[in-house]
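For reference, the structure is listed below as structure tokens.
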Amino acid sequence: MNTISALAAVVALALAGSVFERYRGRGGAHLLLWSLGALLFGVGVLAETILSVGYHPAALKAWYLTGAMLTAPWLGQGTVALLVRKRGIAPALSTALLVVSLLCVALVSGAVVAGGPFDPALPVAAQYRDLLERSSLMVVLTILLNSYGTLALVGGAIYSAFIFWRKRVLRNRMLGNLFIALGGLLPASGGSAVALAGGFDWHSWSLLLGVAALYIGYLWSTTPDAEDG
């Protein structure tokens, strides 16, 4: 079992629980959406951990749906719900994303999975193209959803950090948003990386460091002294 990816899954699920508890206490669509995004992150990395033990077609589909397609857009949608103030826009985008997500579920569920050679020692991100027969629509949606989610999450966090820096207020929130931006970028940097020189697995570490940065950013952004100024 890949211990690093397993730990990343634990951290992601803990983050999802923490954000959801805050949502239960305070409300706010952005918190609900962030908790959903973190849950998808955790499920995706958990599926990847299972695949590091052995090949399972269901785990491959779960990884692609949650990790490769839906994690980034739902995390990003949480940021959109927080920052976009014009009435009706954020809910409309959330509804559209839900419809597209249901389409993704149908597409991935119906995709043909090959039983070809699979090396559990290598990240699934480096092998899925030879195992999962993706339609052109699946490929396009994967690109668009990840682009939208990364731009919203990272761009929104950097924008918020800049506002706090410019106003010289809420330093914790400024730093928290910088960590959130880092957390959104790190998993993307892993991409399909397999192993670097010396056998260092940057892909798995990028997932763990990314979700850890998200968690740190969330905690710093929600500490009482930050909120009270």
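Laboratory data are not the source of any read-out in this text; all were calculated from the coordinates shown. Remember, it's a predicted structure, so these values are computed and weren't measured experimentally. Glycine also receives a Cβ, built like all others from the backbone with ideal geometry; neighbour counts cover every protein chain displayed.
Quick check on the chain: what are the equivalent-ellipsoid semi-axes from the Cα gyration tensor, as sqrt(5λ), descending, whole Å?
After diagonalising the Cα gyration tensor, the semi-axes are 31, 20, 14 Å.
Kindly rank 56-63, 93-100, 152-159 from highest to lowest mean number of other beta carbons found within 10 Å of each residue.
Output ranking for 56-63, 93-100, 152-159: 152-159, 56-63, 93-100.
For every other residue with a beta carbon closer than 15 angstrom to the beta carbon of A92, add +1 if it is Lys or Arg and -1 if Asp or Glu, then tell me the sum.
Around A92, the charge tally is +3.
Per residue, how big is the convex hull of the stretch 104-180 when only Cα atoms are used? Give it in Å³.
119 Å³
Taking the simple approach of a point 7 Å from Cα along Cα-to-Cβ for both T223 and L83, what is their distance in nm?
Using points 7 Å along Cα→Cβ, the separation is 2.3 nm.
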